[in-house]
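Remarks on the structure that follows.
The values are calculated or read from the model by the stated rules, or taken from the named source; none is laboratory data. Please read all numbers here as calculations on a predicted model, not as lab measurements. FYI the Cβ positions are ideal-geometry reconstructions off the backbone, even for glycines, and counts take in every protein chain you see. Areas reflect the complete protein model, heavy atoms only, side chains present, ligands, DNA and RNA absent. Shrake-Rupley method; radii C 1.70, N 1.55, O 1.52, S 1.80 Å.
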Amino acid sequence: MPTVVLMDASLSMTRPVSLDQCSEELQRKNLAVAGLTMLFEHMANNYRLEFTSLVAFSSLWELLVPFTRDYNTLQEALSNLEDYDKTCLESALHGVSNVVQQEWGHACPTQVVLVTDGSLGIGKGSLRNSLQTLKGRPEDKKFPLPFPFPAKLFVMCIANAEELQMTDTMHNLVQLLQLNGGDGQIFTMEGQLCLKSVQSMFGRLIDAAYSPFPAVLRCGNLASDVQVFPRPEPVFLDEEIDPMPRHILTDLEIVGFIEIGDISSPPVMSRHLVLPIAVNKEVDDVGPGTTEEPEEETSANQQAGKVPNFCVLLHGSLKVEGMVALVQLGPEWYGMLYSQADSKKKSNLMMSLFEPGPEPLPWLGKVSQLGPISDAAENPYGEDDSKSPFPLQPKVKRSYAQNVTVWIKASGLQTDVQKILRNARKLPEKTQTFYKELNRLRKAALAFGFWELLKGVAELLERECTLLPDTAHPDAAFQLSHAAKQLKLASTGDSQYAAFDQNINPMHTDFSGGGAGM
């Protein structure tokens with residue numbers, strides 16, 4: 001999940017901070033840089049594969065570092081950050097939206113970390129003014145929140161809660177969070193403004209958004225310690241009366257393997273990268289400000305590469321055999337592990353999460369009822385793998401498997417009406433086709449509650465009846481009048497005439513060969 005760091009570079013960030021035990025005078029900007037340095041070092045140690053971007057803002061915004069995995073570049077740009085003029089948060093949020101959409105589009109979840117001192121600007125362009133003028137804006141000047149992509153907004157205030165409560169700053173920041181859908185959190189410093197307080201605040205951010213998800217991947221007697229990136233979010237089920245968050249277990253049990261062609265391209269809630277954890281790592285707890293020497297790190301990686309690892313074995317097997325592994329995430333909750341190629345030479349072990357439930361993929365049936373091929377009386381794939389037991393045929397015919405009438409565009413409705421009129425002009429030769437198309441339109445109109453359509457088509461049929469030439473067959477006039485009358489009766493909504501399963505049958509006349517009237 002990419003991260004955008006939005007750094008306040010306005011003059012208010014240069015306000016000095018008085019420290020009783022330190023003769024050196026620090027600015028709020030220095031505290032912000034110290035906190036972001038801690039965050040970058042943590043991400044360099046634990047989130048090396050994630051992309052991070054740095055944007056600075058005051059009255060304008062500037063992209064200092066585009067999305068990168070090089071945290072040294074981010075740290076260098078942060079150290080060389082200059083001071084600018086007043087705060088204008090709205091333009092900065094527009095900038096974040098542009099940067100993310102150009103790089104990742106509209107579908108990639110993103111985390112935005114806003115670092116500011118709580119001074120939200122003065123007059124036009126301030127956050128207070130932006131929130132007061134939300135309504136009545138033209139389309140091209142809308143407020144940038146909510147973002148057009150899934151995003152969490154974390155606000156890091158280089159100020160304590162008491163300072164923010166003296167003004168309406170906290171209220172405005174809460175409004176900002178609500179505009180983004182409530183996804184995110186506001187962090188403030190506790191106690192005196194000092195390096196220890198800012199490190200504590202960024203530590204809380206790391207625990208909330210950047211803590212790794214360690215798990216154990218098991219398959220029979222084989223197991224491997226892994227980390228899952230990004231951290232899986234709790235899931236709420238809408239159909240529950242009192243929904244409770246469902247969390248993924250730290251023990252991920254592989255329940256079976258299935259061919260890629262059978263599982264096809266299933267709908268998933270989220271996708272995650274699965275990485276093995278080196279078992280022989282000498283230092284497990286590394287301080288936020290310490291890094292290993294390059295020689296020691298290379299030596300540790302070489303030693304870890306000599307130790308057999310089940311995660312590596314699983315990844316290679318899935319890639320070679322063209323299969324996926326079904327993994328149990330919790331009670332009646334499943335996902336799949338598979339190999340995904342980044343390029344011709346590089347691939348990663350990925351995990352996708354299905355919707356919670358015993359039957360996440362209808363064409364596979366219940367996952368608990370799947371079993372090994374050896375338990376079947378005969379090989380369901382055939383002796384030469386020429387067939388497949390999937391998809392399972394549903395007991396009830398699905399609605400999307402039937403011929404239904406869809407009017408997404410006006411042209412579709414116009415085509416259906418014109419088809420009826422063309423058949424009406426060819427009566428009585430096209431009597432059966434005319435009533436077939438008429439009944440199809442009638443059922444769709446009743447299903448949609450489109451009573452006006454029935455009345456309108458009835459009027460068109462009456463008009464066609466008056467325009468019949470003298471040479472027309474007498475039965476044509478009778479059939480058109482009969483169809484128009486039945487449509488008008490159905491348009492009233494009377495259950496006697498507007499029953500969905502009821503059809504309009506051809507009218508029996510002395511000129512027709514048969515048929516039953518209604």
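Viscosity 1.306 mPa s, temperature 10 °C: give me the Stokes-Einstein translational D for the chain in µm²/s, with Rh taken as the Kirkwood radius over C-alpha pairs.
Details: Rh = 29.1 Å.
Taking Rh from Cα pairs, D becomes 55 µm²/s.
What is the projected area of the convex hull of the Cα atoms of region 388-501, averaged over all directions, in nm²?
Over all viewing directions, region 388-501 projects a mean Cα-hull area of 9.7 nm².
Which order do W451, W363 take by accessible area at a 1.4 Å probe, largest first?
Solvent-accessible surface, decreasing: W451, W363.
For a paramagnetic label modelled at 7 Å from the Cα of L11 toward its Cβ, which residues of region 90-123 fall within the zone defined by backbone nitrogen distances under 15 Å?
Backbone N within reach: 119-123.
Please list 161-169, 326-334 highest first by mean number of surrounding beta-carbon atoms within 10 Å per residue. It would help to have the intermediate numbers written out before the result.
Values: 161-169: 14.2, 326-334: 18.7.
Ranking, from highest mean packing down: 326-334, 161-169.
In square nanometres, what is the average projected area of the Cα convex hull of region 19-119?
Taking a quarter of the hull surface, the average projection is 7.7 nm².
Just order 76-89, 425-438 by mean Cβ neighbour count inside 10 Å, highest at the front, would you?
With the highest mean Cβ count within 10 Å placed first, the list reads 425-438, 76-89.
If you roll a 1.4 angstrom probe over the protein chains with everything in place, what fraction of the accessible area of region 379-495 belongs to carbon and sulfur, to the nearest %?
Heavy-atom surface of region 379-495 belonging to carbon and sulfur, 1.4 Å probe: 52 percent.
Report the Stokes-Einstein translational diffusion coefficient (µm² s⁻¹, integer) for region 424-482, Rh taken as the Kirkwood radius over Cα pairs, at 37 °C with viscosity 0.692 mPa s.
In µm²/s, the coefficient is 272.
Could the peptides 478-486, 105-113, 47-55 be put in order, highest first, of the mean number of other beta-carbon atoms found within 10 Å of their residues? Don't jump to the answer; show the numbers that get you there.
Details: 478-486: 21.4, 105-113: 16.9, 47-55: 18.8.
Answer by packing, highest mean first, reads 478-486, 47-55, 105-113.
How big is the dipole moment of region 410-498 about its Cα centre under a simple scheme where the beta carbon of each Lys and Arg is +1, that of each Asp and Glu is -1, and everything else is neutral? Debye, nearest 20, please.
260
Assuming R0 = 22 Å, can you tell me the calculated FRET efficiency for the pair L222 and V268, based on Cβ-Cβ distance, to the nearest 0.05?
After rounding to 0.05, the efficiency reads 0.30.
Quick check for you: with a 1.4 Å probe and neighbouring chains kept, what is the accessible area per residue of the chain, in Å²?
Values: 28990 Å² over 518 residues.
Result: 56 Å² per residue.
Could you work out the relative contact order of region 410-498? I mean the mean sequence separation of Cα pairs under 8 Å and 6+ apart, divided by the number of residues, in percent.
29
As a check on your grasp of the helix formula, calculate [θ] at 222 nm for the chain: sum -39500 (n - 2.57) over DSSP H runs of n ≥ 4, divide by the residue count, round to the nearest 500.
Value at 222 nm, helices only: -10500 deg cm²/dmol.
So how strong a dipole does region 177-270 carry about its Cα centre when Lys and Arg Cβ are +1 and Asp and Glu Cβ are -1, to the nearest 20 debye?
The calculated dipole for region 177-270 is roughly 560 debye.
Taking only Cα atoms, what is the 0 to 90° angle, nearest 10, from helix 89-104's long axis to the longest principal axis of the chain?
70
Can you give the charge dipole size of the chain about its Cα centre, rounded to the nearest 20 debye, using +1 on the beta carbon of Lys and Arg and -1 on the beta carbon of Asp and Glu?
Once rounded to the nearest 20, the dipole reads 2460 debye.
Expressed as a rounded percentage, what relative contact order does the chain have, with Cα pairs under 8 Å and six or more residues apart?
After rounding, I find 9 percent.
Once you place label points 7 Å from the Cα toward the Cβ at N80 and N45, how far apart are they in nm?
Each label point is offset 7 Å from its Cα along the Cβ direction, giving 2.7 nm.
Full-extension gain between A341 and Q418, please, as 0.36 nm times their residue separation minus the C-alpha to C-alpha distance.
Net length gain for the segment: 22.6 nm.
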